[in-house]
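Asks: Structure below; questions to follow.
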Amino acid sequence: MNITVTHKLATRLLEAGDQPVSGQQLAEEFGVSRTAIWKHMKELEEMGYEIESVRKKGYRIQKSPDSLEAFLVQSGLKTKRLGSRIEYLEQCASTQIVAHQLAQEGALDGTVVIADLQTEGRGRLMRKWDSAKGQGIWMSIILRPDVPPHKAPQFTLVAAVAIVRAIQSITGLEASIKWPNDILFGNKKATGILTELQSDADGIQALIIGIGVNVNQEREDFDAAVKEIATSLRLESGQAVNRRKLVQEILRYLEIYTEMYIELGFGPLKELWEGHSATIGKAVRARMTRETLEGIAEGITEDGVLQLRTADGKLHGIYSADIEL
Ligand code: BTN
């Protein structure tokens, strides 16, 4: 059986949505017999699709598998740049490592790497990021913006806004952002963002935006070390969330907001970020490598630096820290 035809058939039916497509029409479009179409349908059922055969009208997909394979993510993807190339891996050490490699080999702006399982998922500050099979979104996006390297941290904030909006659109849940990159429900973390840079004397060569979203974990799926501080969209909404739709929506919002950033600068995005912030106006503790500061988080600068006012009235610019609320 030709797997490419099977994939194309799935794409065709997914794009038709609720509208059944007749076996005859599919046979003509794909240049194969109706029997071959029927065999491809069986193949799709074995892959986890539920296909309804509507009498005299044709086939329609009732349920597709919870898979993030490239052809599935790309069918129904409403972007121009992001996701025009998607590398899907059933397993890898870290999508960041794969994306760095692809970027060095010249992968274009908008290339996306997605894995179903990461064996060495990494978080900020050299931490480990739990990335269990099939339960979350583990992806890295290569961007090649024409901006100076010191602006790179702003992209983490732009990505955070895009993810919060995408989560809201798919699940109706309202998340908040803890500076710089944690997406929270209450004080539990559902998403992390890791932005890494490839640059040289000419400026940024590539930004690798790593996004980890806890989507369908149950409480017992989390490691003991993070059980009390992590959550998933399923736990928050009480129902399973379609990972493919969420990936598509994250890419859609990220494209909208990165374009807005390039056209209008960080100003409007800073406002959006502040609107979702769990940090601004709050008393926080900022743990840095050399010191810990306590004070009120007053805002972020145009460069995405957190401004913290300590009890002695001094305003501190925080570039990198662990924030406790
Ligand atoms: C953090 O909050 O510490 C950032 C977590 C980032 C995790 C994602 S999952 C996809 C990509 N690959 C990785 O190894 N890390 C990022």
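Asks: Which members of segment 299-324 meet the condition of being among the acidic types (D, E) and at pLDDT 95 or above?
Replies: First pass over segment 299-324, keeping only residues among the acidic types (D, E): 302-303, 312, 322, 324.
Passing the criteria: only D312.
For every residue, the table says whether it meets (1) touching a Phe, Trp or Tyr at 6+ places or on another chain (Cβ under 9 Å); (2) assigned by TED's automatic domain parsing to the domain that holds D303; (3) within 14 Å of the ligand (Cβ to nearest atom).
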| site | (1), (2), (3) |
| --- | --- |
| Y88 | yes, no, yes |
| I142 | no, no, yes |
| H150 | no, no, no |
| V161 | yes, no, no |
| A166 | yes, no, no |
| I177 | yes, no, yes |
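Quick grid of which residues meet (1) surrounded by 12 or more Cβ atoms within 10 Å (Cβ to Cβ); (2) over 35 Å from the mean Cα position of the chain (by Cα); (3) closer than 25 Å to Q248 by Cα:
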residue: L14; (1), (2), (3): yes, no, yes
residue: Q25; (1), (2), (3): yes, yes, no
residue: S33; (1), (2), (3): no, yes, no
residue: K39; (1), (2), (3): yes, no, no
residue: E45; (1), (2), (3): no, no, yes
residue: Y49; (1), (2), (3): yes, no, yes
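Asks: Hey, another quick one. Within segment 222-231, identify whether any single residue is within 14 Å of the ligand (Cβ to nearest atom), modelled with pLDDT under 95 and either touching a Leu at 6+ places or on another chain (Cβ under 6 Å) or small (G, A, S) (or both), and answer yes or no.
Replies: yes
Asks: Which ones in segment 190-227 are free of Cβ contacts under 8 Å to residues at least 40 places away in the same chain, within 20 Å of G123 (Cβ to Cβ), loosely packed, with under 15 Cβ neighbours inside 10 Å and not basic (K, R)?
Replies: Correct list: A224, A225.
Asks: Could you please let me know if G76 is in contact (Cβ under 8 Å) with a residue 40 or more places away in the chain and either surrounded by 14 or more Cβ atoms within 10 Å (Cβ to Cβ) or part of a helix (DSSP H, G or I) (or both)? It would help to see each step written out before you state the result.
Replies: Details: in contact (Cβ under 8 Å) with a residue 40 or more places away in the chain: yes; either surrounded by 14 or more Cβ atoms within 10 Å (Cβ to Cβ) or part of a helix (DSSP H, G or I) (or both): no.
For G76, the condition - in contact (Cβ under 8 Å) with a residue 40 or more places away in the chain and either surrounded by 14 or more Cβ atoms within 10 Å (Cβ to Cβ) or part of a helix (DSSP H, G or I) (or both) - is not met.
Asks: Name every residue in segment 284-304 that is hydrophobic (A, V, I, L, M, F, W, C) and in contact (Cβ under 8 Å) with a residue 24 or more places away in the chain, in order of residue number.
Replies: Step one: list which residues in segment 284-304 are hydrophobic (A, V, I, L, M, F, W, C), which gives 284, 286, 288, 293, 296-297, 300.
Of everything in segment 284-304, those that are hydrophobic (A, V, I, L, M, F, W, C) and in contact (Cβ under 8 Å) with a residue 24 or more places away in the chain turn out to be V284, A286, M288, L293, A297, I300.
Asks: State all residues of segment 1-12 that are of a type in the set (A, V, I, L, M, F, W, C) and crowded, with 16+ Cβ neighbours inside 10 Å; if no residue qualifies, say none. Lay out the reasoning, then the answer.
Replies: So in segment 1-12, the residues of a type in the set (A, V, I, L, M, F, W, C) come out as 1, 3, 5, 9-10.
Scanning segment 1-12 gives V5, L9, A10.
Asks: Confirm whether E29 is of a type in the set (D, E, K, R), assigned to a helix (DSSP H, G or I) and either within 19 Å of S75 (Cα to Cα) or not assigned by TED's automatic domain parsing to the domain that holds L77 (or both).
Replies: Details: of a type in the set (D, E, K, R): yes; assigned to a helix (DSSP H, G or I): yes; either within 19 Å of S75 (Cα to Cα) or not assigned by TED's automatic domain parsing to the domain that holds L77 (or both): yes.
Yes, satisfied.
Asks: Which of (1) away from the ligand (no atom under 16 Å from the Cβ); (2) surrounded by 14 or more Cβ atoms within 10 Å (Cβ to Cβ) is the odd one out, the single condition K63 does not satisfy?
Replies: (2)
Asks: Within segment 90-119, how many residues turn out to be away from the ligand (no atom under 15 Å from the Cβ) and either not assigned by TED's automatic domain parsing to the domain that holds I209 or not in a loop (DSSP other than H, G, I, E, B) (or both)?
Replies: Residues meeting the conditions: 1.
Asks: Would segment 120-133 turn up any residue that is polar (S, T, N, Q), more than 15 Å from the ligand (Cβ to nearest atom) and in contact (Cβ under 8 Å) with a residue 40 or more places away in the chain?
Replies: First, the residues of segment 120-133 that are polar (S, T, N, Q): 131.
Remaining after also requiring more than 15 Å from the ligand (Cβ to nearest atom): none.
There is no residue in segment 120-133 that is polar (S, T, N, Q), more than 15 Å from the ligand (Cβ to nearest atom) and in contact (Cβ under 8 Å) with a residue 40 or more places away in the chain.
Asks: Select from segment 205-218 the residues that are farther than 30 Å from P65 by Cα and either of a type outside the set (A, V, I, L, M) or at pLDDT below 95 (or both) and list them in ascending order.
Replies: Taking segment 205-218 and keeping what is farther than 30 Å from P65 by Cα, we get 205-207.
If the condition is that a residue be farther than 30 Å from P65 by Cα and either of a type outside the set (A, V, I, L, M) or at pLDDT below 95 (or both), then Q205 is the only one that fits.
Asks: Name the residues in segment 40-66 that are touching a residue at least 40 places away in the same chain (Cβ under 8 Å), of a type outside the set (F, W, Y) and not in a helix (DSSP H, G or I), would you?
Replies: Step one: list which residues in segment 40-66 are touching a residue at least 40 places away in the same chain (Cβ under 8 Å), which gives 43, 47, 59-61, 64, 66.
From what is left, the residues that are of a type outside the set (F, W, Y) are 43, 47, 60-61, 64, 66.
Once the filter is applied, which keeps residues that are touching a residue at least 40 places away in the same chain (Cβ under 8 Å), of a type outside the set (F, W, Y) and not in a helix (DSSP H, G or I), segment 40-66 yields M47, R60, I61, S64, D66.
The values are calculated or read from the model by the stated rules, or taken from the named source; none is laboratory data. Just so you know, these numbers come straight off a predicted model, no measurement behind them. We place every Cβ from the backbone using ideal geometry, glycine too, and count neighbours over all the protein chains shown.
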